[in-house]
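Have a look at the structure below before the remarks.
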Amino acid sequence: MGRSGTLAGCLAALPRLFSSVSQSPGTPCLSHAVRYEWRRSVVPRRAVQHSAARRVSVDATFKRHMQDLSDAEKRLLDKMYQGLIGGQRASLAESITLVETEHPRKKQLAQVLLQRVLAYREEQEKRNGGNPVAFRVGLSGPPGAGKSTFIEVVGKMLTGRGNRVSVLAVDPSSCTTGGSLMGDKTRMTELSRDMQAFIRPSPASGTLGGVTRTTNEAIVLCEGAGYDTVLVETVGVGQSEFAVADMVDMFVLLIPPAGGDELQGIKRGIIEMADLVVVTKSDGDLVVPARRIQTEYTSALKLLRKRSKTWSPKVVRVSSETGEGIPELWARIEAFQVAALSSGELRARRRAQQKVWMWSLIRESVLRHFRDHPSVRRELPRLEDAVTRGAVSPGLAADLLLEAFSSSSSS
């Protein structure tokens, strides 16, 4: 069977696949987030067969999930929700732990909690004239750029002004154990003790660029807990910058004034995504190289395509050691926020990010289910070995695995 025929068979099998997953307790399950979105948004199978236009109600689906909960689970969720919207840091930490879990039942509880928090946030935004109640800033850069030190200085400045700041710092993880190699709380000692701040280091567990699948949910929970500034720090390696840019309102790239060909060291695509470039460690003997890097990046940005019609990316110098340039930097960030809100670009960006988030969850969950499928697991070792020996091309191996998956799902 050709590749197009195989893919067509897989697509035809998807409705039956999802249906069987949600009904068969012994079948490896998709994440609850995908099943929830599938039931919520697609036309039911029988309705498709009869060309009907009826949709499953979100409210009805939510009520059905609530009815499935035990009294103890309902009390637990209500306690967590009330503590969360009351601004209790312990409840926020407990809620993020819940959305990070891989346990199927706890995933269902997490989605119920998230739905309540989303409804609460929507109500808060209505009271705020339809504008977001929090501003999300993504921070990325190569190792040694001083991201954690920069975040601590900025965070202390903001809490001193009366803001509430949450920091979602995605740690690199050990590929063998899955544990974090470094804890950001140990690198932000003063900010971690600030009662107006919340720091959550999350192990990346091998996901793309160190940005966890649950970071978006954690952002929602932080906003529900009343934090008006959400800083997302990620590992500055691989594709992580692209991932974090798809979940924040403003993307800030931090670079050190180090030696070497700096413009070659950072991908052009990452520079294009940056709304602001910050040259760190601009103090002492590094002031002169910092100025040189600032000039080079300013020239480079003029040649790149702009992401926004209302904002031109800037390059600034700061020193976390002396605090020089930090207030001016945040003033530029606030100017970006005002421009994005007044032009409508901020709301448009968030709507687009919601769609990216949904498809990211779908891809990850469908791939997981594909790999866990009995027919695929049975054929995978043999085909992987054949591919590594050069006996079978990767394309043919993929076709055979998809055919096994499709045939078994449709039978």
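The values are calculated or read from the model by the stated rules, or taken from the named source; none is laboratory data. No experiment lies behind these values; they were computed from the predicted model shown. Neighbour counts run over all protein chains shown; Cβ positions are idealised from the backbone, glycine included. Areas reflect the complete protein model, heavy atoms only, side chains present, ligands, DNA and RNA absent. Shrake-Rupley method; radii C 1.70, N 1.55, O 1.52, S 1.80 Å.
Values for this structure:
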| read-out | value |
| --- | --- |
| Two-site FRET efficiency, Glu122 against Arg193, from Cβ-Cβ distance with R₀ of 45 Å, rounded to 0.05 | 0.85 |
| Net charge dipole size for region 84-163 [Lys, Arg +1 and Asp, Glu -1 on Cβ; Debye, nearest 20] | 80 debye |
| Gain on full stretching of the segment that runs from Arg305 to Leu380 - 0.36 nm per residue minus C-alpha separation | 22.7 nm |
| Sites Asn163 and Ser70, calculated FRET efficiency, Cβ-Cβ separation with R0 35 Å, nearest 0.05 | 0.35 |
| Residues of region 255-411: accessible area per residue with a 1.4 Å probe, Å² | 56 Å² |
| Orientation-averaged projected area, Cα convex hull of region 261-353 (nm²) | 6.7 nm² |
| Sorted peptide list for 325-335, 146-156, 110-120, criterion being average Cβ within 10 angstrom, highest first | 146-156, 110-120, 325-335 |
| Ranked by how many other beta carbons lie within 10 Å on average, peptides 92-104, 341-353 from highest | 92-104, 341-353 |
| Cut-off under 5 Å, modelled amide H: who pairs with Lys306 long-range | none |
| Chain lengthening between Ser407 and Glu334 when straightened (0.36 nm per residue, less Cα-Cα) | 20.8 nm |
| Solution diffusion estimate, µm²/s, Stokes-Einstein, region 77-132, Kirkwood Rh from C-alpha pairs, 4 °C, viscosity 1.567 mPa s | 109 µm²/s |
| Evaluated over region 307-411, the Cα radius of gyration and Dmax, each in Å | 24.8, 68 |
